[in-house]
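For reference, the structure is listed below as structure tokens.
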Amino acid sequence: MPVHILYLCTGNSCRSQMAEGWTRVLGGERISVASAGIEAHGKNPRAIAVMSEAGVDISKQESTIVTNGMIQQADVVVTVCGHADELCPVLPPNVKKVHWPLTDPAKAAGSEEEIMAEFRATRDEVKRRVEKLLARMDR
């Protein structure tokens, strides 16, 4: 039976989408993964682009609002921003909660090159954190 991970963010447009994509690629069949938001802001085209650069297609993932059913199905809930951490629904006692305080690349300012650099930095940080999370599950 796979471990079910739910990534939770404010809008389910960047960070949680990236985490879902990396987990899908790196976790294989031992992991079931989803992402959701406190709100649904739609998919961020820059997040899709930087993940594609890394060989991960997140374009078919949906931006969804978290439901009670998602929470009930999860073994692990990972909040990827402070807002989602504060507003995270009450979790059942058997669900492990992890918090990753990731910077929101959608709030980056500057030239397109500078903004994309922020998205790439977030993508790479998310990958590192997903790898560590999956390694802990292998123990």
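The values are calculated or read from the model by the stated rules, or taken from the named source; none is laboratory data. Owing to the predicted nature of the structure, the values given are computational and were not obtained by experimental measurement. Note: ideal-geometry Cβ built from the backbone for every residue, glycine included; neighbour counts use all protein chains shown. Note: areas computed on protein heavy atoms with side chains; ligands, DNA, RNA excluded. Shrake-Rupley method; radii C 1.70, N 1.55, O 1.52, S 1.80 Å.
Residues in the stretch 33-59 that are among the small types (Gly, Ala, Ser), within 20 Å of Gln73 (Cα to Cα) and at pLDDT 95 or above: Ala34, Ser35, Ala36. Residues in the stretch 48-65 that are within 27 Å of Pro92 (Cβ to Cβ), touching a Lys or Arg at 6+ places or on another chain (Cβ under 9 Å) and open to solvent by less than 50 Å² (accessible area, probe 1.4 Å): Gln61, Ser63.
Looking at the stretch 66-121, which of the residues that are more than 18 Å from Arg15 (Cβ to Cβ) and among the small types (Gly, Ala, Ser) is surrounded by the most Cβ atoms within 10 Å (Cβ to Cβ)? Checking each candidate, the answer is Gly110.
Of all residues being of a type in the set (Gly, Ala, Ser) and touching an Asp or Glu at 6+ places or on another chain (Cβ under 9 Å) in the stretch 37-62, which is nearest to Lys107 (Cα to Cα)? Just the residue, please. The selected residue is Ala40. For the stretch 77-131, the set of residues classified as more than 16 Å from Ala19 (Cβ to Cβ) and touching a Pro at 6+ places or on another chain (Cβ under 6 Å) consists of Glu118 only. Of the residues making up the stretch 1-47, those that are open to solvent by less than 10 Å² (accessible area, probe 1.4 Å) and assigned to a helix (DSSP H, G or I) are Ser16, Gln17, Met18, Ala19, Gly21, Thr23, Gly27, Ala47. Ser59 passes every criterion in (1) closer than 19 Å to Leu8 by Cβ; (2) assigned to a loop (DSSP other than H, G, I, E, B); (3) among the hydroxyl-bearing types (Ser, Thr, Tyr) apart from (1). Going by the conditions given, is Pro93 part of a loop (DSSP other than H, G, I, E, B) and within 19 Å of Glu39 (Cβ to Cβ)? The answer is no for Pro93. Taking every residue in the stretch 75-87 that is part of a helix (DSSP H, G or I) and pairing it with any residue that is crowded, with 17+ Cβ neighbours inside 10 Å and of a type outside the set (Val, Ile, Thr), at least 6 positions away or on another chain, the pairs with Cβ-Cβ distances below 6 Å are Ala84/Leu8; Ala84/Cys9.
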